[in-house]
Structures are given as structure tokens and as C-alpha cells.
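The values are calculated or read from the model by the stated rules, or taken from the named source; none is laboratory data. Predicted model only: the values in this text are computed from it and were never measured. Every residue, glycine as well, gets a Cβ built from its backbone with ideal geometry; the counts of neighbours run over all protein chains shown.
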């Protein structure tokens, strides 16, 4: 499922990203990024992906600005909590940090693309993600990794 954000939606993504970046640095939250992009660009990409997911699923995005390390990004129509993960790589995998196991998130969704254009790839339940067989060491850190072909396809329900 492909989604393109409008210029107005990208402006919202930039504002929310700037606010979240400022809030996180002020709170002393340590950056945990692995990529080469700045933390601000990572925030823009991440929130733009959340916005694209919500747009495609007709859901309300969470515009809150506070430490969101163990929270979810939105609530699906069935009441389940969803954490949207994104990557710029078309062949990217769903990566979930082990500390997320302590969150109340029920669904993890993978969105790929470069803002403003995204593709919603699929999703996995928390139980599926946190299976020991998905735990891998990448760049010296343990992380849960789910391949695209193991994700459930999105439906328009």
C-alpha cells in the first residue's frame, strides 16, 4: 500500500520532529540512532512514516511531544496499540529494540520510503516480534528483527 504525504503534512512532520528533538535533548535522553542521518532527520522520517500510516489507515496520529520511548504511535480501530517503525531501505526489515518488550504496544508496523513517499509493508504482533528466534546482534547491539516476508499484509478493513 503506497501513501504520499502532502506538503502540509510534511510541514507538520517537520514541526513535530523539531519539538520532539528539542524535548528529548532537554530531558537528557540519549540518542540511540545507528544510521548516518542526523537525529532531527530521523525524527522527521519517523514521524512522517507515522503520519503516512495513520493517513492510510484513517487513524489519528499522536501529536504529543514528550519522552515516548516505551509508548505507542497510534491506536487502531480495533483498539490495539501500534508502534510504527520505518526505514528508507525498500528491502528493510522490522527492527524493534529489546527494551520495547516492556511497553504495552501490541502491534509493530513496518513502513519504508523516503519522505514524502512511503509504502506500508506489513505488521507483526508483539508476541511474534519478541520471539527469541528473531533476536539478532547487529552492529554490536541485540535487536529483534522480522523479515518483510514474515509480516502480515495490511488490509483496508
Please find, within the range 111-123, the residue that is surrounded by the most Cβ atoms within 10 Å (Cβ to Cβ) out of those that are in contact with a helix residue (DSSP H, G or I) (Cβ under 7 Å, 6 or more places away or on another chain) and assigned to a strand (DSSP E or B).
111
Return a yes/no flag: does the range 139-148 have any residue that is within 20 Å of residue 80 (Cα to Cα), in contact (Cβ under 8 Å) with a residue 24 or more places away in the chain and either touching a strand residue (DSSP E or B) at 6+ places or on another chain (Cβ under 9 Å) or not in a helix (DSSP H, G or I) (or both).
yes
Is at least one residue of the range 81-100 modelled with pLDDT of 95 or more, over 13 Å from the mean Cα position of the chain (by Cα) and closer than 15 Å to residue 144 by Cα?
yes
So residue 128 passes all but one of these: (1) in contact with a strand residue (DSSP E or B) (Cβ under 8 Å, 6 or more places away or on another chain); (2) within 29 Å of residue 18 (Cα to Cα); (3) outside any strand (DSSP E or B). Which condition number does it fail?
(2)
